[in-house]
Amino acid sequence: MANRLASESSPYLLQHAENPVDWYPWGDAAFERARTEDRPVLLSIGYSACHWCHVMAHESFENPAVASLMNELFVSIKVDREERPDVDSIYMSAAQAMGVAGGWPLTVFLTPAGLPFYSGTYFPPEDRPGMHGFPAVLQAAAAAYHAQRDEIGAMGEKVRDAVAPRQLPAPGEPTAALLDEAAKKLAAETDRAHGGFGAAPKFPHPQALDLMLRRSRVTEDVAVRDAAILTLDAMARGGIHDQVGGGFHRYSVDARWSVPHFEKMLYDNALLAPVYLHAYQLSGSDDLLEVCTRTLDYLARELQLPGGAFAASQDADSPGGEGAFFVWTPARLREALGADDGAFAARIFGVVDGGNFEHGVTVLSMPYPLSQVARSMSLDEPALRARLEDIRTRLRTARASRPAPERDGKVITAWNALAIRAFAEAGAALERPDYVAVAATCADFVLEHLVRDGIVHRIWNGGDGRIIGFLDDVANLGDALLTLYEATGRPRYFNAALELCERIVDQHRDADGNYFDTAGDAEPLMVRPRTIDDNPVSAGQSVAAAVFCRMHAFTGEQRWHDRAFEIVAPLATVVARAPLAVAGLAAAMELLVGPMREVAIVGDRGDARTHALLAVVQRRFDPLSVLAWGPAGDVPLLVGRALIDGAPAAYVCAGFVCQAPVIDAGGLSRELGVLAPVAQN
């Protein structure tokens, strides 16, 4: 018999619709019942691709005896953290304030007023060494609620105070020196043996890697650039990178990137593809370019939905178990490829009897760079690459016959915006109109289905947009649309981005210049959340600051610079002290301190001369510039710019003060000082 989740649209909630637990979705109805019946609330937060969420569901929520205990003692609420990041953020912070390390599934016990008094993550169905079983936890939490009411109420108030947003420091002075200090700190903290930051588990941290590349481009600090590329190369050759299908898993459970936690998230891949693009643009390495394009191709092939938007994720689990879809043995390689190519693939990908994962199987990786393999095997490197690409294609075909992981098909605005930006930027830089078309199709879908009457919504899953969007949805969409405008020259994308910037200020900023994750008219929660850290995706306010800086460059309006400054300035010194935590904010700070350069190209969109000028700009990795192009007057940066003797012309400007226009690609290259790839050591 279905419970109340059957009418929800979230795939994660629908996975629990047949549980014997009397689940409620988040909302007033659950808390009203808790107040009426004087029961505590059990809040369970997870997401569709989460392995341990599935484990706890199978062990406890599908267990009639455990479910009966939950129904007897609690009002139970199930939340999809991707759908309600505000609820997740608040109660994850509360759990951490109570001494829980954090993670999902998140289990929090609340009073009917929504105040937390006990929390944990995964609980097993029975007592285990060092862990209480879930039934025992349920009984203890319910007993404490009824017997220790005053203490629990006081604890809840204390936790609420602990998680309430703090007053930010007085504004500091954003400087390039702080950014360079941050980049050097990240380089110094890089694991020189295996790349990445810290010990296991290891996460990609794409914003930090991109910051290192951005600063190395400005300062020509090869050591900082090489530290970033060391990590990018190690990840690309590791098991965290799907060597057959492309794309990246969420993180590695070991320090060598060998064995991943197998879920694949849209946001990770949409953030990593541009970092690999930038590394290629700086280094000229075809290996890095290939990772960028294989990642984008994976997204288009496996996560793009029929309407053009992107699904949120793929599960870690499949019917064969965690990671079963992705792993191999020498025998399976021989079966798919034949004896010779099977042995060759086993050598390339490090597949041996006994494996490196559970049950004797192997997660594919590339222990050695292909150039080294070619030398050791006395092979021609181009021929080796061609053979390897053929093997990958055949392995992908063979793998397609396996039971595949489930896909969470909901469309999340913020994550789709990241994909729009990635495809638009790569499409323009690599002269790939197919990538630009993917970005435009996705953007058109989001603007049609998730933006109504100027209001951005968070989620779409086969129907109208649901849940008013959060700051990261609005800011990322605005940022993506500016990038798409730069790739297409279509002013409708610029105008939509401008409207979104206005909404950020109107709905997410308070009178003191603080920016909150939820809109001013959103439902009240225990506290109004304000995210500052940039992991695993950039905080909404970091992206807002960046898009404000870009809008200032496009329009010349000082107010956008001022709005960016009020976000960045209080945290300017934090950028140098803790760059791994605020690398997204550092990217905005770099735009703020600049100097920014504006490039305006006036010409017909169908004119080959226009596109010759565009290619000079778009091939460059230059984050400190914006590009407007098309007929004169389409956007503010194009106002007053004219053709030269009827020919398309390029204007290179700073603060809307322009140098003399040029009409040929060579002249524009000289004016911009086009960077050649930095020589590799």
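Values as computed for the structure displayed
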item: Per-region count, the range 147-161, residues exposed (fewer than 14 other Cβ atoms within 10 Å of the Cβ) and touching a residue at least 24 places away in the same chain (Cβ under 8 Å); result: 1
item: Members of the range 118-127 that are free of Cβ contacts under 8 Å to residues at least 24 places away in the same chain and either under 19 Å from E62 (Cβ atoms) or touching a Pro at 6+ places or on another chain (Cβ under 8 Å) (or both); result: E126
item: Candidate set: the range 1-56, residues that are in contact with a strand residue (DSSP E or B) (Cβ under 7 Å, 6 or more places away or on another chain) and polar (S, T, N, Q); chosen: the one farthest from S119 (Cα to Cα); result: S9
item: Subset of the range 353-389 [in contact with a helix residue (DSSP H, G or I) (Cβ under 7 Å, 6 or more places away or on another chain) and closer than 14 Å to P330 by Cβ]; result: D353, G354, L364
item: Failed item, numbered, when S371 is tested on (1) part of a helix (DSSP H, G or I); (2) among the hydroxyl-bearing types (S, T, Y); (3) in contact (Cβ under 8 Å) with a residue 40 or more places away in the chain; result: (3)
item: Lone qualifier among A170, A193, A176, A143 - being surrounded by fewer than 13 Cβ atoms within 10 Å (Cβ to Cβ), at pLDDT 95 or above, within 30 Å of M212 (Cβ to Cβ) and small (G, A, S); result: A193
item: Only listed residue being modelled with pLDDT of 95 or more, in contact with a strand residue (DSSP E or B) (Cβ under 7 Å, 6 or more places away or on another chain) and within 28 Å of A311 (Cα to Cα), chosen from P105, P116, P112; result: P105
item: Cβ-Cβ under 9 Å pairs, at least 6 apart or on other chains, the range 651-673 side on the phi > 0 side of the Ramachandran plot and not assigned by TED's automatic domain parsing to the domain that holds G640, far side assigned to a loop (DSSP other than H, G, I, E, B) and buried (at least 17 other Cβ atoms within 10 Å of the Cβ); result: none
item: Count of the range 560-574 residues which are among the hydrophobic types (A, V, I, L, M, F, W, C) and touching a residue at least 60 places away in the same chain (Cβ under 8 Å); result: 5
item: Residues of the range 294-341 satisfying the condition of being among the acidic types (D, E) and out of contact with any helix residue (DSSP H, G or I) (no Cβ under 8 Å at 6 or more places or on another chain); result: D297, E302, D340
item: Selected residue [in a helix (DSSP H, G or I) and of a type in the set (V, I, T)] from V568, V527; result: V568
item: Among (1) part of a loop (DSSP other than H, G, I, E, B); (2) surrounded by fewer than 24 Cβ atoms within 10 Å (Cβ to Cβ); (3) among the hydroxyl-bearing types (S, T, Y), the one test that S538 misses; result: (2)
item: Hits in the range 332-364 - residues which are within 16 Å of T393 (Cα to Cα) and either outside the structural domain of I391 (by TED's automatic domain parsing) or not charged (D, E, K, R) (or both); result: L333, A336, L337, G338, G342, F344, A345, A346, I348, F349, L364
item: The range 1-49, residues that are more than 22 Å from P405 (Cβ to Cβ), of a type in the set (A, V, I, L, M, F, W, C), free of Cβ contacts under 8 Å to residues at least 60 places away in the same chain and outside any loop (DSSP other than H, G, I, E, B); result: A6, W23, A29, A30
item: Test set (1) surrounded by 20 or more Cβ atoms within 10 Å (Cβ to Cβ); (2) β-branched (V, I, T); (3) in a helix (DSSP H, G or I) - T573 fails condition number; result: (1)
item: Some residue of the range 550-569 being in contact with a Phe, Trp or Tyr (Cβ under 8 Å, 6 or more places away or on another chain), of a type in the set (D, E, K, R) and at pLDDT below 95; result: no
item: Boolean, G355 is closer than 28 Å to C53 by Cβ, touching a residue at least 12 places away in the same chain (Cβ under 8 Å) and in a loop (DSSP other than H, G, I, E, B); result: yes
item: Test result for D521, assigned to a loop (DSSP other than H, G, I, E, B) and more than 30 Å from H611 (Cβ to Cβ); result: yes
item: Residue check for L580: over 26 Å from E671 (Cα atoms), in contact (Cβ under 8 Å) with a residue 60 or more places away in the chain and part of a loop (DSSP other than H, G, I, E, B); result: yes
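Table: residues versus (1) at pLDDT below 95; (2) outside any helix (DSSP H, G or I); (3) closer than 29 Å to R394 by Cα.
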| site | (1), (2), (3) |
| --- | --- |
| V218 | yes, no, no |
| T231 | no, no, yes |
| A255 | no, yes, no |
| N269 | no, no, yes |
| Y298 | no, no, yes |
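The values are calculated or read from the model by the stated rules, or taken from the named source; none is laboratory data. Small disclaimer: the values here were computed from a predicted structure and weren't measured. Heads up, the Cβs are rebuilt from the backbone with ideal geometry, glycines too, and the neighbour counts pull from every protein chain shown.
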